[in-house]
2 protein chains.
Amino acid sequence: MTAATGSAFTDNPVLIVGSMAFDDLELPSGAEKNVVGGSATYASVAATLYTAARVVAVVGSDFPNETIDLLKIRGVDVDGIEHAAGKTFRWVGRYAQNLASRETLDTQLNVFADFRPKLPDAYRDSRFVLLGNIHPALQLEVLAQMKAPELVVADTMNFWISGERKLLLDVLAKVDALVINDEELRQLSEDHNLKRGAQAVLKMGPKRLVVKRGDAGAMLFDDESIFFAPAYPLETEMDPTGAGDSFAGAVVGFLAREKTPGHATWRQALLAGATVASFCVEGVGTKRLFDVTHQQVADRLRDLLAILDAE
Amino acid sequence: MTAATGSAFTDNPVLIVGSMAFDDLELPSGAEKNVVGGSATYASVAATLYTAARVVAVVGSDFPNETIDLLKIRGVDVDGIEHAAGKTFRWVGRYAQNLASRETLDTQLNVFADFRPKLPDAYRDSRFVLLGNIHPALQLEVLAQMKAPELVVADTMNFWISGERKLLLDVLAKVDALVINDEELRQLSEDHNLKRGAQAVLKMGPKRLVVKRGDAGAMLFDDESIFFAPAYPLETEMDPTGAGDSFAGAVVGFLAREKTPGHATWRQALLAGATVASFCVEGVGTKRLFDVTHQQVADRLRDLLAILDAE
């Protein structure tokens, strides 16, 4: 088996906007410094398991060329990555011994502080878009640069929900789906009940809401139905960093490959996301995501389906 | 629709051993005093949605006759309920505003302190047994009084896992399945990883392990496979007390109705358990469980299956 490459899928590349970063991680297995991360990095590598990807992000002069090269090999168009003078965004975090929680020890925005996403002309007609967790004003700027995207999926975080609610609501009115975790859902909906909270968020604009719940799986809500995708039960959990971004990237990549996603495709996309995210957790940083083969993803997706099989 | 009765199912009654209690509850909706509860109460009412039940428990002279009558109407054989002089076991608890956690404010064992389960002769040939969460020495005494049970499912709790580990291991060597929550699994297996922990517990004796995870669903582990049953997403959550006991009671009741439970039956039993537990949470105490109709259970089970349907 050879490592997966996205080069075979170039007919519906997904546009991914987000961060590229260095992470300093305190993991139960030990400390790891200068781990290449960032939402756009994880999401784009994950997406290329299903289709090609285009990335809009910013890196500093300290960002390794070899990561850019690895992304290219995986079918990621890197023309949208801005190389700015200065240091790359850095996140410093510490995980609990059981990996169930983490705390941010430091955030150094560096070149990310002045990031204004600029889409190369060739990206403007992208049909499928993942707006990673950046300032909602920037998410709106991305949408303003696009011609006629068919499917826009957005992520966000507690910081914007509390601090930029009005702009975030503008974003939500323009996107097809929102991917957030359960705590963010509670905060955004101001309701501790997930089902009622989901109904409230769907009234804000998106036709679909995906709620990530870590090792408790992910849920898909639309007007009519709910779907549940379990997390793949892992025996070896190394590093959950980027699992949520990998999940979102794989979901959008899967949808883009299918081109006209309907009800069933969305459900399958969640299972694809859960599968790809599980590989992310098995290695430190993006290591396992870069190594995983299409065959390994397909095998694990089949195992995940068996976990749902009530017959 | 009329309320469910278990009277139609008398050919394979499940034997349920556990507590009968009064609960004083501080719920987000307000304080509730003298709510009839206890693991055997919840489990037996839940079991009668699928088959008849026999209960071995102890109540004090303050326990309401009308609850005993309601149990009889539901097809519960109450001959095994010992009526002791003194007060019924009482649990006092306070729930967090979001119902996600609770704390025990007081436990008054009362007549439960001297409880020694005695099986009426007619109970000794029960084929299906639920050993509720009582001292493992008492669980062993129940098994010693039985002729040849075909399927024994046990529950336990942190108190016995830490304080009576050796006796608990004796129980585990004799039972077919263990039903515990995720924290109890971590404690019993001494592993924070659920999958590895489950494998460790299966080596202690039970052929199947069911892990309850509250609103994150339940998982079934055996030697070969894993199954995931989601929790039914509720819009109205009143009182989670007894949800785990209702789940276990419905699982065993469902298995008893099917008589020779194999792989698929166990999976369906978890879905039945999740469905019945969801009704439990919708009312204070056993109220909703006593009211629910077979049709309502069947309808919700169908909705739950749709949540798992990846097509």
Among the listed residues A:E32, A:E26, A:E82, which satisfies the condition of being at pLDDT 95 or above, within 19 Å of A:G244 (Cα to Cα) and of a type in the set (D, E)?
-> A:E26
Sort through A:G75, A:G86, A:G80, A:G93 and tell me the only one that's farther than 30 Å from A:P28 by Cβ and out of contact with any helix residue (DSSP H, G or I) (no Cβ under 8 Å at 6 or more places or on another chain).
-> A:G75
B:T260 being away from chain A (no Cβ under 14 Å), surrounded by fewer than 21 Cβ atoms within 10 Å (Cβ to Cβ) and hydroxyl-bearing (S, T, Y) | yes
With the condition kept exactly as written, say whether any residue in the stretch A:40-48 is under 15 Å from A:T286 (Cα atoms), part of a loop (DSSP other than H, G, I, E, B) and within 17 Å of the chain's Cα centre (by Cα).
-> yes
Taking helices (runs of 4 or more DSSP H) that fall entirely within the stretch A:163-231, which contain at least 2 residues that are without any contact (Cβ under 8 Å) to a residue 24 or more places away in the chain, within 12 Å of chain B (Cβ to nearest Cβ) and not basic (K, R)?
-> A:194-202
Filter pass, A:T241 being modelled with pLDDT of 95 or more, in a loop (DSSP other than H, G, I, E, B) and more than 12 Å from chain B (Cβ to nearest Cβ) | yes
Can you pull out the residues in the stretch B:244-272 that are free of Cβ contacts under 8 Å to residues at least 40 places away in the same chain and of a type in the set (A, V, I, L, M)?
-> B:A264, B:A269
Inside the stretch A:52-78, the number of residues satisfying the requirement of being out of contact with any Asp or Glu (no Cβ under 8 Å at 6 or more places or on another chain), within 25 Å of A:H294 (Cβ to Cβ) and in contact (Cβ under 8 Å) with a residue 12 or more places away in the chain is 10
Restricting the stretch B:272-311 to residues that are among the acidic types (D, E) and either buried (at least 24 other Cβ atoms within 10 Å of the Cβ) or under 27 Å from A:E311 (Cα atoms) (or both), which is farthest from the other protein chains (Cβ to nearest Cβ)?
-> B:D299
Kindly provide the set of residues from the stretch A:93-141 that are closer than 22 Å to A:G249 by Cβ, in contact (Cβ under 8 Å) with a residue 24 or more places away in the chain and in a loop (DSSP other than H, G, I, E, B), ordered by number.
-> A:L99, A:F115, A:P117, A:K118, A:L119, A:P120, A:S126, A:R127, A:G132, A:N133, A:I134, A:H135
Is there a residue being surrounded by 20 or more Cβ atoms within 10 Å (Cβ to Cβ), in contact with a strand residue (DSSP E or B) (Cβ under 9 Å, 6 or more places away or on another chain), more than 14 Å from chain B (Cβ to nearest Cβ) and of a type outside the set (D, E) anywhere in the stretch A:91-105?
-> yes
So which of A:S225, A:S246 ends up being under 16 Å from the mean Cα position of the chain (by Cα) and either buried (at least 17 other Cβ atoms within 10 Å of the Cβ) or of a type outside the set (F, W, Y) (or both)?
-> A:S246
When (1) more than 9 Å from chain A (Cβ to nearest Cβ); (2) in a strand (DSSP E or B) are applied to B:F254, the one that fails is (2)
Only one of B:D239, B:D309, B:D223 is among the charged types (D, E, K, R) and in contact with a Gly (Cβ under 7 Å, 6 or more places away or on another chain); which?
-> B:D239
Using the structure shown, decide if B:T265 is within 14 Å of another protein chain (Cβ to nearest Cβ), in a helix (DSSP H, G or I), crowded, with 23+ Cβ neighbours inside 10 Å and modelled with pLDDT of 95 or more.
-> no
Is it the case that some residue within the stretch B:287-302 is in contact with a strand residue (DSSP E or B) (Cβ under 6 Å, 6 or more places away or on another chain), assigned to a helix (DSSP H, G or I) and among the β-branched types (V, I, T)?
-> no
Complete set of residues in the stretch B:142-161 that are touching a Leu at 6+ places or on another chain (Cβ under 8 Å) and outside any helix (DSSP H, G or I) = B:Q145, B:M146, B:P149, B:L151, B:V152, B:V153, B:A154, B:D155, B:T156
From the set of residues in the stretch B:57-92 that are polar (S, T, N, Q) and part of a helix (DSSP H, G or I), which is nearest to B:V14 (Cα to Cα)?
-> B:T67
Can we say A:F63 is at pLDDT 95 or above, closer than 22 Å to A:D24 by Cβ, of a type outside the set (D, E, K, R) and in contact with a His (Cβ under 9 Å, 6 or more places away or on another chain)?
-> yes
Flag for A:P149 being buried (at least 22 other Cβ atoms within 10 Å of the Cβ), away from chain B (no Cβ under 14 Å) and either at pLDDT 95 or above or within 18 Å of the chain's Cα centre (by Cα) (or both) | no
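The values are calculated or read from the model by the stated rules, or taken from the named source; none is laboratory data. Everything numeric here is computed off the predicted structure, so don't read it as measured data. Methodologically, a virtual Cβ is constructed for each residue, glycine included, from the backbone with ideal geometry; neighbour enumeration extends over all protein chains shown.
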